[in-house]
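Asker: Here it is, the structure in full.
Coordinate-derived values only; no laboratory data. What you see is a predicted model; the values in this text were computed from it and never measured. So basically every Cβ, Gly included, is an ideal-geometry build from the backbone, and we count neighbours across all protein chains shown.
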């Protein structure tokens, strides 16, 4: 992979990977391990390519999160969550917090290990543990991922703010 000048100080950059960096949009917590970054001698970080943050978000939202066990959200004003397995109501309070491990494979980079942590709810009928709904997770993902990038000291692209 070809490097490019630092977008803050114009110094030379080199490819590195983060150990572990997390961000949260309560109650969703996302942790990325092996996140590829470009870093300069001044310690500035930037994405490995333009649009990488959006690419990672789209992959997560469209390919990875839909595979997670999640109930179905019903109702407009009074939300009700139904088990994806048996369609019975999920318990109103979470049973515990669960961490889902996902390996994200994007073009031309090594896999990124991602952990998504969220409360899970138990179906009182069949016992299946699941997230309240996909909609709930999808709504929180962009903000949580933005906090991950902020924690990794990667500024938003120009014009994004």
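Asker: Can you grab the distance from the C-alpha centre of the stretch 105-161 to the C-alpha centre of the stretch 1-33, Å, no decimals?
Answerer: Value for the Cα centre distance between the two parts: 16 Å.
Asker: Along the Cα-to-C-beta direction of residue 129, a point sits 7 Å from the Cα; which residues of the stretch 68-85 have their amide N less than 20 Å from that point?
Answerer: Answer for the stretch 68-85: 68-72, 81-85.
Asker: Given Cα pairs under 8 Å that are at least 6 residues apart, what percent is the relative contact order of the stretch 18-125?
Answerer: 27 percent
Asker: Mean-square fluctuation check for the chain, GNM, Cα pairs under 10 Å: which of 134, 88, 46 is largest?
Answerer: Result: 88 has the largest fluctuation of those listed.
Asker: When you take every Cα atom in the chain, what is the radius of gyration, and what is Dmax, the widest Cα pair distance, in Å?
Answerer: Cα only, the chain: 18.3, 60 Å (Rg, Dmax).
Asker: As an exercise, use a Förster radius of 25 Å and the Cβ-Cβ distance of residue 54 and residue 74 to find the FRET efficiency, rounded to the nearest 0.05.
Answerer: 0.20
Asker: Note down the nm distance, to one decimal, between modelled labels 7 Å out along Cα→Cβ at residue 97 and at residue 22.
Answerer: Placing both labels 7 Å along Cα→Cβ, they lie 0.7 nm apart.
Asker: Kirkwood hydrodynamic radius for the stretch 86-161: how many Å is it when counted over pairs of different Cα atoms?
Answerer: Evaluated over the stretch 86-161, this radius sits at 15.0 Å.
Asker: May I ask you to work out the translational diffusion coefficient for the stretch 30-94 at 4 °C, viscosity 1.567 mPa s, via Stokes-Einstein with Rh from the Kirkwood sum over Cα pairs, reported in whole µm²/s? Walk me through the numbers on the way to the answer.
Answerer: On the way: Rh = 15.5 Å.
For these conditions, the coefficient is 84 µm²/s.
Asker: Starting from the Cα of residue 12, move 7 Å in the Cα-to-Cβ direction to define the label point; list residues of the stretch 45-82 whose amide nitrogen is under 18 Å from there.
Answerer: Answer for this model: 45-46.
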